[in-house]
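The values are calculated or read from the model by the stated rules, or taken from the named source; none is laboratory data. Fair warning: this is a prediction, and the values are worked out from it, not measured in the lab. Here Cβ is always computed from backbone atoms with ideal geometry, including for glycine, and neighbour counts include all displayed protein chains. Quick note on the areas: whole protein, heavy atoms, side chains included, nothing else; ligands and nucleic acids left out. Shrake-Rupley method; radii C 1.70, N 1.55, O 1.52, S 1.80 Å.
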Amino acid sequence: MQTFARVLQAFVVSAMVVGVGQGIEAAPAGAAPQIQLPWLSPQPDGVQADGAALADGVTGTMIWSREADTRIPIASIAKAMTALVVINSGDLERSITVPAEAVAYCVRNDGSTAGLAAGEVLTARQLLFAMMLPSGCDAAYTLAESYGPGQDGFIGRMNDTARQIGMGGTGFADPSGLPVPDDYSTYSTPAALIRLGLVAMGQPVFREVASTQTYHLPAGAGNRDHVWKTTNQLLREYPGTIGIKTGSTDAAGACLLFETVRAGIPLIGVVLHSADSGAAAKADAERMLNWAYGPTLAALPTGSTGS
């Protein structure tokens, strides 16, 4: 007997096949068809985010959205693009020295840090964990400086990548997503961030980093001891979560790009400007996921839902 999980997967795939036949595949992410699964209520209740989207984690077909094509500041979700550019560049074992300006940059802009010290030497791979888990702006600056080369060069590469992968309505002005030069300089749309999440999570290294809760870097010849813990409360507490990135500034509010897999069903979503706390973004994401997964999980035998 076919489970609801398989019905959901079949429904999403069939909807995408219809879309491809109509030429939708070549359209921008924001133009993707929005589907309504037949046994769900019209929308999740209580979502506070100004912008939000939830999509199938394989095809990117939209299940539900709010202001899908509206430009909204994205804060440190920008670091997901920084990580993607670095990973696509390769040479992740290269040694990189943390410049003094990386530390000053965090202090000057009141950015979150990974506790890096000027002169420390880490590999690019280690810096990815330093950037993605504690949302280290010092690590983002260091990676951009090395891979740009320079901040301006790297930001150009971020914007080029956004265009190449079909992220309409998106602009990057800072590798960390800090409000530099102003609150609205780095922005995107819920639909475009779904596209970023799909592409980034298709990279094994990104997926490994984004799904890690704690990373310990022992002291070495060129670095201090570091323990980095994820800022993603959903990753720590919601079953099946495998990423991706938090964000928060005054203008952006609390933001969260996330992916989960439950009962074999991958879903990818984003909430932008939920409120002023990570707990609010997590709660919004949970409302969306519970709405989508609820009927399927309720129909399965106890213990058969996997993660």
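Data table
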| quantity | calculated |
| --- | --- |
| Cut-off 14 Å (backbone N to label point 7 Å along Cα→Cβ of Ala299), residues of segment 39-76 | 39-41 |
| Packing rank of 153-160, 244-251, 86-93, 192-199, where each peptide gets the mean count of other beta carbons within 10 Å, highest leading | 192-199, 244-251, 153-160, 86-93 |
| Total charge dipole magnitude, segment 183-275, about the Cα centre, Cβ charges on Lys, Arg, Asp, Glu only, Debye to nearest 20 | 200 |
| Sequence-distant residues sharing a close amide H with Trp64 (under 5 Å, placed H) | Leu54 |
| Under-5 Å amide H pairs with Thr113, H placed in peptide plane, nonlocal only | Cys137 |
| Tyr238, Tyr215, reordered so the largest accessible area comes first (probe 1.4 Å) | Tyr215, Tyr238 |
| Total formal charge among the other residues, if their Cβ is under 13 angstrom from that of Asn88, Lys/Arg +1 and Asp/Glu -1 | -1 |
| Relative contact order for segment 33-136, counting Cα pairs under 8 Å that sit 6 or more residues apart, in percent | 21 |
| Gap separating the Cα centres of segment 257-292 and segment 152-231, nearest whole Å | 18 |
| Hz values of 3J(HN,Hα) by residue in segment 70-79 - Karplus curve (6.51, -1.76, 1.60), Gly and Pro given as x | 8, 6, 9, x, 10, 6, 6, 4, 4, 5 |
| Table column - 3J(HN,Hα) (Hz), segment 81-89, Karplus curve with 6.51, -1.76, 1.60, x for Gly and Pro | 5, 4, 5, 5, 4, 5, 5, 5, 6 |
| Backbone HN-Hα couplings from phi across segment 173-181 [Karplus 6.51/-1.76/1.60, Hz, Gly and Pro as x] | 10, 7, x, 9, x, 5, x, 10, x |
| Relative contact order (percent, whole number), segment 108-206, Cα cutoff 8 Å, 6+ residue spacing | 20 |
| Sites Ala219 and Glu101 - FRET efficiency at Förster radius 35 Å, r taken between beta-carbons, to 0.05 | 0.90 |
| Ile96 long-range amide H proximity, modeled H, under 5 Å | Leu122, Thr123, Ala124 |
| Test item: Cα-centred dipole of segment 78-178, Lys/Arg +1 and Asp/Glu -1 on Cβ, debye | 240 |
| Mean Cβ neighbour count within 10 Å, used as a protection proxy, ranking 228-234, 116-122 highest first | 228-234, 116-122 |
| Residue (of Met132, Val86, Ala117) at the positive-pole extreme of segment 34-134, dipole from beta-carbon charges | Ala117 |
| Residue-normalised accessible area of segment 159-307, given per residue in Å² at a 1.4 Å probe | 38 |
| Potential lengthening between Asp91 and Ser277 on full extension [0.36 nm per residue; Cα-Cα distance subtracted] | 63.4 nm |
